[in-house]
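So the structure is just underneath, and the comments pick up after that.
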Amino acid sequence: MIVLFSDFGLHGPYIGQVKAVLYQQAPGQPVIDLFSDAPVFDIRCSAYLLAAYADSFPAGTVFCAVVDPGVGSDARQPIFLHARGQWFVGPDNGLFSRVAAADPQARYWRIDWRPEVCSDTFHGRDLFAPVAARLACGEQVPATLQSQGLDNDWPLDYPAVIYIDHFGNAMTGIQATSLRDDSVLLLPETDGIARRLNYARTYQDVSVGQAFWYRNANGLVEIAVNQGHAGRLCELKPGTALVIQSVV
Amino acid sequence: MIVLFSDFGLHGPYIGQVKAVLYQQAPGQPVIDLFSDAPVFDIRCSAYLLAAYADSFPAGTVFCAVVDPGVGSDARQPIFLHARGQWFVGPDNGLFSRVAAADPQARYWRIDWRPEVCSDTFHGRDLFAPVAARLACGEQVPATLQSQGLDNDWPLDYPAVIYIDHFGNAMTGIQATSLRDDSVLLLPETDGIARRLNYARTYQDVSVGQAFWYRNANGLVEIAVNQGHAGRLCELKPGTALVIQSVV
Amino acid sequence: MIVLFSDFGLHGPYIGQVKAVLYQQAPGQPVIDLFSDAPVFDIRCSAYLLAAYADSFPAGTVFCAVVDPGVGSDARQPIFLHARGQWFVGPDNGLFSRVAAADPQARYWRIDWRPEVCSDTFHGRDLFAPVAARLACGEQVPATLQSQGLDNDWPLDYPAVIYIDHFGNAMTGIQATSLRDDSVLLLPETDGIARRLNYARTYQDVSVGQAFWYRNANGLVEIAVNQGHAGRLCELKPGTALVIQSVV
């Protein structure tokens, strides 16, 4: 299975062009759109999202993951990573740092292969998709194993909003296991109000219109409003900082 | 064929996660996104949409249909329904009532199977998708046939907007066969104007900018504007009530 | 491979319904969404987009391409075209004129086949998809070869914005090869400012927030802003006219 993770947008031709490469070069492999709307150019939010959502896919899954504001720069190298039995293909800009941190045995390779024709701005299609196709087919890719692990300066928990979903729920970079049921989440002050959110197990446990935090279905702390849009109500967006308050 | 119908949104990871389950558990089955943006939490609009749009799929199709504001509540039961030769897997909250009403032989089962791990808030992925996969593969699912049919208090025609599409067209819950060509559709007053819409066969039959109603390609009455956006022009949204006036 | 190009929108049931037809009538054929959000009803922008983006697909690809404000009118005929080794199925309204112009050997057929049931407003599903499925399977379609080529009044370069993507980049109808590196692109005056855009190879070559033009990964001139949204910053939308100034 090949899984796509990017900030390319659902609209326009980009995801379709990547899939056209995959269907031709890895025929018969299912291709899944996981995120096509990761926060644009936001590597840190994307790194936490990818780590949380990759977790539920089986071993052997190949992720073609591209959030790549530095595309076309010589400083940025194409790599692939093997961690928790899964493959991750993309840029070496930090996007894979949280995935790598989850597996002490993680190894990564600099990709030496180059396509005959490579655009300056669409390595997702021209370079990363062909490499993902080969890995999915169990084929060799010319690459150099790196002796050191990926840099990883970011902590386990990122106390910030990392994604607003279709319902307006705000996923955070905080592990669900890092908070106790009596932990309180403090939001930044808006209009003179500093909201304090308590835990609830699910929507049904709070009244309509009330904001709360819960443990989402992928192991992240998530902010929601029963039958409301947390993002708009609480003025949250990717990058909004949160404070965790644990009651003693 | 497995068909997805939900209010999960096209954005974000939810549809991808459901598909990952289906591709693993029902390999080789085509999976179609029918609606991923059914009106959020609006069971009634969704029930009419699903009934109208399921109709064009072949017998044997399995619908995994989830509009489920009560997810995680004990009161809400997971079910599957067999109607018009098709299978429908989802919550027992009324979403399938219009589909069931279309077939006097419709039968439904309470799903007794539970996954080893089930989140509180994403039964679409954890419970309904695996059941849909099994039904699509012709496998047994532990379930209890219910002796009575599904409750069905809603009438054949729901005189309201149930969906606004990409062009701004407003699908209604009114069967195309329920109106005569000389029927008039009254919209709620906006800015002191109460619009009266007449029938036209297609866009070409009215002048540019004119609002009208027509029989859409799935048997529903639909409100449109030639080369315009009916939803914005007429201030329509899912739930907007309509009045049918039949000229004598 | 069957490729979808339309203005149907990603939202709602239309693309899913087209795919349901294709999966049933051309089982095993990969189906790719290229554009589902071509500029609504804008045949000219769509014709240039289609020609630029079809180019990267292999010979034998079948495009089911529908931007069809005249659907349901008797004046508009359904056709298919063979150009550059690819097939294009859709309306004869000019959508294929740029694709046809790229191949002096292009030939086209009027489709004589009609489905048993055909809606007035959704020929994409009822007529074009079944024809695309047959062509993809190498089957005959009742059709009449036309003795003349498709009309083609539009020039090679269309100096206008033809699409705004998810990042806010503005694709233009100008071939990348038509401009020199010292060519300047003049935008229409907004708020008293008439912007003059210079060429850069990629985002990294200009400062953050600066607008420029570059050659995109599909051979079109594209307007972008480093880490910004060119569409909003420069008030561009499909149809916005541009002036090419070549420095002497």
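The values are calculated or read from the model by the stated rules, or taken from the named source; none is laboratory data. The structure displayed is predicted, hence computed values, not measured ones. Here the Cβ is made from the backbone with ideal geometry for all residues, glycine too, and neighbour counts use every protein chain on show.
Filtering C:F167, C:F212 for residues that are touching a residue at least 40 places away in the same chain (Cβ under 8 Å), more than 30 Å from C:Q29 (Cα to Cα) and of a type in the set (F, W, Y) leaves a single hit, C:F167. Taking every residue in segment C:50-70 that is more than 11 Å from chain A (Cβ to nearest Cβ) and pairing it with any residue that is among the aromatic types (F, W, Y) and part of a loop (DSSP other than H, G, I, E, B), at least 6 positions away or on another chain, the pairs with Cβ-Cβ distances below 6 Å are C:P69/C:F41. The number of residues in segment C:191-209 being farther than 22 Å from A:G72 by Cα and either without any contact (Cβ under 8 Å) to a residue 12 or more places away in the chain or within 13 Å of another protein chain (Cβ to nearest Cβ) (or both) comes to 4. Taking the criterion of being farther than 24 Å from C:F122 by Cα and assigned to a strand (DSSP E or B), the residues of segment B:166-193 that qualify are B:L186, B:T190, B:I193.
When we screen C:V184, C:V206 for residues that are under 24 Å from C:Y158 (Cβ atoms) and either in contact with a helix residue (DSSP H, G or I) (Cβ under 7 Å, 6 or more places away or on another chain) or of a type in the set (A, V, I, L, M, F, W, C) (or both), the only hit is C:V184.
Condition (residue is touching a residue at least 12 places away in the same chain (Cβ under 8 Å), under 21 Å from B:F8 (Cα atoms) and under 18 Å from the mean Cα position of the chain (by Cα)) applied to segment B:141-160: is it met by at least one residue? Even if it seems obvious, please write down each step before you answer.
Here is the first cut: in segment B:141-160, the residues touching a residue at least 12 places away in the same chain (Cβ under 8 Å) are B:141-146, B:149-154, B:156-160.
Remaining after also requiring under 21 Å from B:F8 (Cα atoms): none.
Within segment B:141-160, not a single residue is touching a residue at least 12 places away in the same chain (Cβ under 8 Å), under 21 Å from B:F8 (Cα atoms) and under 18 Å from the mean Cα position of the chain (by Cα).
Which of the residues belonging to segment B:167-186 are surrounded by 18 or more Cβ atoms within 10 Å (Cβ to Cβ) and either modelled with pLDDT of 95 or more or of a type in the set (K, R) (or both)? Write out each step before concluding.
So the first thing to find is which residues in segment B:167-186 are surrounded by 18 or more Cβ atoms within 10 Å (Cβ to Cβ), and the list is B:167-174, B:179, B:185.
Within segment B:167-186, B:G168, B:N169, B:A170, B:M171, B:T172, B:G173, B:I174, B:L179, B:L185 qualify.
Anything in segment B:33-49 that is at pLDDT 95 or above and either within 14 Å of chain A (Cβ to nearest Cβ) or at positive phi (or both)? List them, or say none.
Looking only at segment B:33-49, we keep the residues that are at pLDDT 95 or above, and these are B:33-39, B:42-49.
Correct list: B:D33, B:F35, B:S36, B:D37, B:A38, B:P39, B:D42, B:I43.
Within segment B:13-32, being at pLDDT below 95 and surrounded by 21 or more Cβ atoms within 10 Å (Cβ to Cβ) holds for no residue. Residues in segment A:62-87 that are crowded, with 23+ Cβ neighbours inside 10 Å and either among the β-branched types (V, I, T) or under 21 Å from A:P238 (Cβ atoms) (or both): A:V62, A:F63, A:A65, A:V66, A:V67, A:D68, A:I79. Scanning segment C:210-222 for residues that are within 13 Å of chain A (Cβ to nearest Cβ) and closer than 20 Å to A:D68 by Cβ yields a count of 7. Taken over segment B:82-131, residues that are more than 17 Å from B:L22 (Cβ to Cβ), part of a strand (DSSP E or B) and in contact with a Leu (Cβ under 7 Å, 6 or more places away or on another chain) amount to 3. Under the condition of being touching a strand residue (DSSP E or B) at 6+ places or on another chain (Cβ under 8 Å) and closer than 25 Å to C:Q29 by Cα, which residue from segment C:47-57 is surrounded by the fewest Cβ atoms within 10 Å (Cβ to Cβ)? Filtering segment C:47-57 for residues that are touching a strand residue (DSSP E or B) at 6+ places or on another chain (Cβ under 8 Å) and closer than 25 Å to C:Q29 by Cα, the one surrounded by the fewest Cβ atoms within 10 Å (Cβ to Cβ) comes out as C:F57.
Among the residues of segment B:115-145, those that are more than 18 Å from B:A65 (Cβ to Cβ) and more than 14 Å from every other protein chain (Cβ to nearest Cβ) comprise B:C137, B:G138, B:E139, B:Q140, B:P142, B:T144, B:L145. Taking the numbered list (1) farther than 17 Å from C:A176 by Cα; (2) surrounded by fewer than 21 Cβ atoms within 10 Å (Cβ to Cβ) in turn, C:V225 passes all entries but (2). Among the residues of segment B:22-46, those that are in contact with a strand residue (DSSP E or B) (Cβ under 8 Å, 6 or more places away or on another chain) and among the β-branched types (V, I, T) comprise B:V31, B:I32. Residue count for segment B:83-100 satisfying the condition of being within 14 Å of another protein chain (Cβ to nearest Cβ) and polar (S, T, N, Q): 2. The residue pairs whose first member lies in segment A:2-31 and is at the interface with chain C (Cβ under 8 Å from one of its Cβ atoms), whose second member is among the basic types (K, R), and whose beta carbons are closer than 8 Å, counting only pairs six or more residues apart or on different chains, are A:Y14/A:R125; A:Q17/A:R125. One residue alone among C:D112, C:D103 is away from chain B (no Cβ under 13 Å), among the acidic types (D, E) and within 24 Å of C:A59 (Cβ to Cβ), and that residue is C:D103.
Can you spot a residue in segment A:171-190 that is without any contact (Cβ under 8 Å) to a residue 60 or more places away in the chain, of a type in the set (V, I, T) and over 19 Å from A:A52 (Cβ atoms)? Within segment A:171-190 (the criterion being without any contact (Cβ under 8 Å) to a residue 60 or more places away in the chain, of a type in the set (V, I, T) and over 19 Å from A:A52 (Cβ atoms)), the answer is yes, since at least one residue qualifies. The set of residues in segment C:111-165 that are in contact with a Phe, Trp or Tyr (Cβ under 9 Å, 6 or more places away or on another chain), surrounded by fewer than 20 Cβ atoms within 10 Å (Cβ to Cβ) and of a type in the set (K, R) contains only C:R134. Scanning segment A:83-107 for residues that are within 17 Å of A:Q148 (Cβ to Cβ) and of a type in the set (V, I, T) returns a single hit, A:V99.
The criterion of being in contact with a Leu (Cβ under 6 Å, 6 or more places away or on another chain), among the basic types (K, R) and more than 13 Å from chain C (Cβ to nearest Cβ) does not hold for B:R180.
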